Each structure stands twice: as structure tokens, then as C-alpha cells.
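For reference, the structure is listed below as C-alpha cells.
The values are calculated or read from the model by the stated rules, or taken from the named source; none is laboratory data. Quantities reported herein were computed from a predicted structural model and do not represent experimental measurements. Note that we place each Cβ from the backbone using ideal geometry, even for glycine, and neighbour counts take in every protein chain shown.
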């Protein structure tokens with residue numbers, strides 16, 4: 001069964017600090033991995049999309065990495081801001097046939113001033 | 001350009017009632033999808049559409065019906081609501097890639113549905 005596990009479940013950091021969120025998956029055969037940011041009470045917003053051949057993708061202060069061999073991804077947030085407080089969701093999709101993506105449960109990030 | 005608009009934002013139903021959750025997008029996207037988000041779980045795909053007149057089942061389709069008569073609209077119908085359908089429902093669209101494809105999905109802000 002396809003699974004996406006995210007860690008930590010929650011994280012509290014001080015404004016200006018960096019942090020890294022983890023995503024491990026067992027989806028096969030791998031097609032792509034996406035990171036979304038979901039603010040409280042809002043829908044998810046796409047941050048990055050990576051395919052098998054990409055191992056790094058940046059979007060401003062957000063940098064995602066992918067190791068397809070170990071089936072791990074990370075999302076690094078640099079110089080955190082209060083507006084980074086949100087849930088970060090990892091989504092992995094398989095190649096061929098099924099169009100059903102597998103969503104992780106998310107990491108809840110709180111940035112304190 | 002409003003993106004993906006969902007109505008209503010909140011709804012309380014009694015068991016056995018029916019209702020339709022509305023979703024509209026103004027980006028001329030081919031693909032539209034419905035998800036549910038439950039506490040402690042990842043989003044799960046209910047139904048999706050690859051264009052007007054074409055729909056298919058996702059991971060958790062039971063208890064829900066969809067239709068796609070226009071490119072813009074993709075309503076989700078609960079025929080006989082059950083407490084297990086209490087959830088937050090999100091509609092999403094993407095230009096020309098399915099839910100698991102290589103293009104980002106644009107999500108609405110959700111409908112919070114409680115069934116008593």
C-alpha cells in the first residue's frame with residue numbers, strides 16, 4: 001500500500017531560524033513529489049513539484065530535496081517568518097494508471113516572534 | 001480572477017439529508033477534483049473529472065456523486081448524509097494534468113460539513 005509519512009508532526013521555532021521538515025514514502029513506481037503549504041482555514045497552496053530526475057527545487061525561502069533511492073524528501077525553510085506558520089503537506093504520486101495521489105498528514109509549523 | 005470558489009463555507013446537516021457542495025473555477029482548467037480532509041489523516045481523493053462530461057472515482061467515492069456539465073463547475077452531491085461524512089471538503093483544479101500529475105493543483109478554501 002502506498003504511504004507517505006511526515007516528521008515531525010509539529011514543530012515550534014523562533015522567527016528568523018531555519019528548519020527542515022521530512023517526508024518518507026513508499027509509493028511505487030514513483031512519478032512526482034509535491035510540497036504544499038496550508039494555512040489554517042484555507043486550502044493547500046503548491047510550493048514545489050519534483051520528478052525522479054530532480055533532487056533540488058527552490059521557491060523563495062523554501063527548498064525541497066529529493067532522494068529517490070532512499071525515498072526521502074525534505075523541505076528546508078530559511079530565515080523563517082511569522083507567515084510561515086502553517087501545515088506543510090507532502091504528496092507523492094505513482095506513474096501509470098492511477099491518478100490518485102497519496103497525501104501525508106502534514107507537519108504543523110508554528111513560528112514565534 | 002477568483003480561482004477556485006467553494007460554497008457554502010459551512011453547513012450542518014441531519015443524518016439522511018441530501019445536499020450539494022458547489023465548486024467553480026474561472027481558470028479554464030480541464031481537470032477538477034474533490035477531496036476530503038479528516039483530523040489526523042491526509043487528504044483523500046473522492047472523485048475527479050478530466051473534462052466536461054467525464055468523471056471517475058478516486059480513493060473514497062462511496063456515498064458521493066459528481067457530474068461535470070461545464071468546464072467551470074464540478075458539484076459534489078451527498079445523497080443521504082451520514083455522520084462518517086463529517087469532514088472538510090476541498091475542490092481543486094489543474095490546467096491539463098490529473099490529480100497526481102505534474103502540474104500544481106489549485107485548491108478552494110473548503111466547505112466545513114457537520115452531519116448530526
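Below is a table of values for the structure above.
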{"item": "Residue that is nearest to the other protein chains (Cβ to nearest Cβ), among those in region B:53-70 that are under 12 Å from the mean Cα position of the chain (by Cα) and assigned to a loop (DSSP other than H, G, I, E, B)", "result": "B:58"}
{"item": "Residue list for region B:97-116, restricted to those being more than 7 Å from chain A (Cβ to nearest Cβ), part of a loop (DSSP other than H, G, I, E, B) and farther than 18 Å from residue B:49 by Cβ", "result": "B:116"}
{"item": "Test: residue in region A:70-81 that is surrounded by fewer than 18 Cβ atoms within 10 Å (Cβ to Cβ) and within 10 Å of the chain's Cα centre (by Cα)", "result": "yes"}
{"item": "Positions within region A:68-95 being part of a strand (DSSP E or B) and more than 14 Å from chain B (Cβ to nearest Cβ), in sequence order", "result": "A:72, A:73, A:74, A:75, A:76, A:77"}
{"item": "Unmet criterion (only one of (1) modelled with pLDDT of 95 or more; (2) farther than 15 Å from residue B:42 by Cβ) for residue A:90", "result": "(2)"}
{"item": "Residue selected from region B:38-52 under the condition within 11 Å of chain A (Cβ to nearest Cβ) and assigned to a loop (DSSP other than H, G, I, E, B), by the criterion modelled with the lowest pLDDT", "result": "B:40"}
{"item": "Some residue of region A:96-108 being within 21 Å of residue B:37 (Cβ to Cβ), away from every other protein chain (no Cβ under 11 Å) and either in contact with a helix residue (DSSP H, G or I) (Cβ under 8 Å, 6 or more places away or on another chain) or modelled with pLDDT of 95 or more (or both)", "result": "yes"}
{"item": "Test: residue in region B:23-32 that is over 12 Å from the mean Cα position of the chain (by Cα), surrounded by fewer than 16 Cβ atoms within 10 Å (Cβ to Cβ), closer than 17 Å to residue B:108 by Cβ and within 12 Å of another protein chain (Cβ to nearest Cβ)", "result": "no"}
{"item": "Residue check, residue B:61 closer than 30 Å to residue A:50 by Cα, buried (at least 20 other Cβ atoms within 10 Å of the Cβ) and touching a strand residue (DSSP E or B) at 6+ places or on another chain (Cβ under 6 Å)", "result": "no"}
{"item": "Residue list for region B:84-96, restricted to those being more than 8 Å from every other protein chain (Cβ to nearest Cβ) and in contact (Cβ under 8 Å) with a residue 60 or more places away in the chain", "result": "B:89, B:91, B:93, B:94, B:95, B:96"}
{"item": "Test for residue A:14: is it in contact with a strand residue (DSSP E or B) (Cβ under 6 Å, 6 or more places away or on another chain), under 22 Å from residue B:97 (Cα atoms) and in contact (Cβ under 8 Å) with a residue 40 or more places away in the chain", "result": "no"}
{"item": "Answer from A:31, A:74 - the residue that is within 29 Å of residue B:89 (Cα to Cα) and modelled with pLDDT of 95 or more", "result": "A:74"}
{"item": "Checklist (1) more than 24 Å from residue B:34 (Cα to Cα); (2) within 11 Å of chain B (Cβ to nearest Cβ); (3) more than 15 Å from the chain's Cα centre (by Cα) applied to residue A:41, failing item", "result": "(1)"}
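Here's the yes/no breakdown for (1) touching a strand residue (DSSP E or B) at 6+ places or on another chain (Cβ under 7 Å); (2) in a strand (DSSP E or B):
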site	(1), (2)
A:37	yes, yes
A:42	no, no
A:47	yes, yes
A:54	yes, no
A:66	yes, yes
